[in-house]
Amino acid sequence: MSQHFLLSSKAKTLRLADVLRLSDAEAETAFCKIRWQDTQGAPVCPVCGGLDAYKTGRPAMTARYRCKACRKDFTVTSGTLFASHKRPLRDYLAAIAIFCNEVKGKSALALSRDLGLAYKSAFVLAHKMREAMAEELKGRTIGGEGKTAEIDGGYFGGYVKPANHRENRRDRRLAFNQSGKRQAVVIIRERDGKSLPAVFRSEGAALSWIKSRIAKGTVVNADEGKAWNDLHSRFEMRRVNHEQAYSADGACTNMAEEYFSRLRRAEIGHHHHIAGTYLLRYAQESSWREDNRRVTNGEQTRNVAALAMRRGPSVDFSGYWQRHVKATSQAA
Ligand SMILES: [Zn+2]
């Protein structure tokens, strides 16, 4: 039997100890090389694209440049997800490495202990890394002629705790006994390919999104859920009734189920509660982790840092705690 990828030496190309040993200057150089790949790390003005910049201002934690063409000042993180960062850049690189090394998810409390951060700072930082991962999913469509995709939905949040005494317990299957906060994560996953999640009130509400994100000619696999019947008019469908089998006549949703296994373990094992406004971010994180599960930890860390450098300032957290929280119900 072949060795599991994560057990192989190939999977382990980055040691956290090496990241923590970086000097401030070395960490900054690493970010410069990631952000300004085309110039091998030489600064490029984020405003006008000018290549001629000189260092200015007092020697600070992070070098400040002034563009000779437009006279604007900038640093390596200006206009990125880590804009106006408060901690040394080495800490951000370490945070990304720690975040990537956990394959199901990393709780904000654990991250705050690892890095000596306040809980809120760790929470915001973890969400910025989720935003970076989401950048990779932007505008993605799944499948195409000759390709096969799987769809499935899973419900998260809105848990109603059963009452202590039996006589006080309610039937939680009935709508009026539910909290109304439950949401459906719907996943589209190409077989042996990439995935794409989004959040809806119910599986049925996801249909137009599914139609817009699965390319024509894709064979779509789904379970027996009634919500998916409408998709037969658009796609060649293969349905599997899970009461009878998990896989029958080539129809299965096992890869979509694998995704939910990861997200559910993140919920139960790491976060205990993932719901509401942030559910989409956790769903996107699991999608990224699923897609990159066979990528080395060094590559993963580099990729997330690159995505963070590519993405503009946080849409969820800009500057300070929850100032600009957006209720995002669809994939960004
Ligand atoms: Zn400029």
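For Glu26, work out the one condition from (1) away from the ligand (no atom under 16 Å from the Cβ); (2) under 25 Å from the mean Cα position of the chain (by Cα) it doesn't fulfil.
(2)
So which residues in the range 13-32 are part of a loop (DSSP other than H, G, I, E, B) and crowded, with 16+ Cβ neighbours inside 10 Å?
Leu14, Leu22
Kindly list the number of the only condition in (1) in contact with an Asp or Glu (Cβ under 8 Å, 6 or more places away or on another chain); (2) within 16 Å of the ligand (Cβ to nearest atom) that fails for Leu89.
The one condition Leu89 does not meet is (2).
This table checks each residue for (1) surrounded by fewer than 17 Cβ atoms within 10 Å (Cβ to Cβ); (2) under 24 Å from Pro313 (Cα atoms); (3) at pLDDT 90 or above.
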{"residue": "Ala11", "(1), (2), (3)": "no, no, no"}
{"residue": "Ile34", "(1), (2), (3)": "no, yes, yes"}
{"residue": "Cys48", "(1), (2), (3)": "yes, yes, yes"}
{"residue": "Gly57", "(1), (2), (3)": "yes, yes, no"}
{"residue": "Cys67", "(1), (2), (3)": "no, yes, yes"}
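Tell me, yes or no, whether the range 97-113 has at least one residue that is more than 18 Å from the chain's Cα centre (by Cα) and either within 16 Å of the ligand (Cβ to nearest atom) or surrounded by 18 or more Cβ atoms within 10 Å (Cβ to Cβ) (or both).
yes
Pairs under 6 Å by beta carbon, first residue without any contact (Cβ under 8 Å) to a residue 12 or more places away in the chain in the range 156-180, partner open to solvent by less than 70 Å² (accessible area, probe 1.4 Å) and in a loop (DSSP other than H, G, I, E, B), six or more apart or different chains?
Arg169/Pro162; Arg169/Ala163
Cβ contacts < 8 Å: first residue free of Cβ contacts under 8 Å to residues at least 24 places away in the same chain and under 13 Å from Ser78 (Cβ atoms), restricted to the range 49-64; second residue more than 14 Å from the ligand (Cβ to nearest atom) and open to solvent by 80 Å² or more (accessible area, probe 1.4 Å), any location; separation 6+ or different chain. Result?
Once the first residue is free of Cβ contacts under 8 Å to residues at least 24 places away in the same chain and under 13 Å from Ser78 (Cβ atoms) and sits in the range 49-64, its partners that are more than 14 Å from the ligand (Cβ to nearest atom) and open to solvent by 80 Å² or more (accessible area, probe 1.4 Å) give Arg64/Lys55.
Return the total of residues in the range 39-49 being small (Gly, Ala, Ser) and more than 12 Å from the ligand (Cβ to nearest atom).
Count: 2.
With respect to Ala108, determine if the residue is of a type in the set (A, V, I, L, M, F, W, C) and out of contact with any Asp or Glu (no Cβ under 7 Å at 6 or more places or on another chain).
Considered against the rule, which asks whether it is of a type in the set (A, V, I, L, M, F, W, C) and out of contact with any Asp or Glu (no Cβ under 7 Å at 6 or more places or on another chain), Ala108 comes out as yes.
For His232, work out the one condition from (1) farther than 25 Å from Gly139 by Cβ; (2) of a type outside the set (A, V, I, L, M, F, W, C); (3) at pLDDT below 95 it doesn't fulfil.
(3)
Answer yes if at least one residue in the range 69-80 is in contact with a Gly (Cβ under 8 Å, 6 or more places away or on another chain), more than 12 Å from the ligand (Cβ to nearest atom) and within 22 Å of His127 (Cα to Cα), and no otherwise.
The answer is yes; a qualifying residue exists.
Tally the residues that are assigned to a strand (DSSP E or B) and more than 9 Å from the ligand (Cβ to nearest atom), restricting the search to the range 50-65.
Residues in the range 50-65 being assigned to a strand (DSSP E or B) and more than 9 Å from the ligand (Cβ to nearest atom): 5 in total.
Among (1) modelled with pLDDT under 95; (2) farther than 26 Å from Lys33 by Cα, there is one condition Arg113 misses while meeting the rest; what is its number?
So the condition that Arg113 fails would be (1).
Being over 30 Å from Gln3 (Cα atoms), small (Gly, Ala, Ser) and open to solvent by less than 30 Å² (accessible area, probe 1.4 Å) is the filter here, so list the residues in the range 264-305 that pass it.
Ala275
The values are calculated or read from the model by the stated rules, or taken from the named source; none is laboratory data. Computed from a predicted model, the values in this text were never measured in an experiment. Cβ atoms come from the backbone with ideal geometry, glycine included; neighbour counts cover every protein chain shown. Side chains are part of the model used for accessible areas, which takes the heavy atoms of the whole protein and leaves out ligands, DNA and RNA. Shrake-Rupley method; radii C 1.70, N 1.55, O 1.52, S 1.80 Å.
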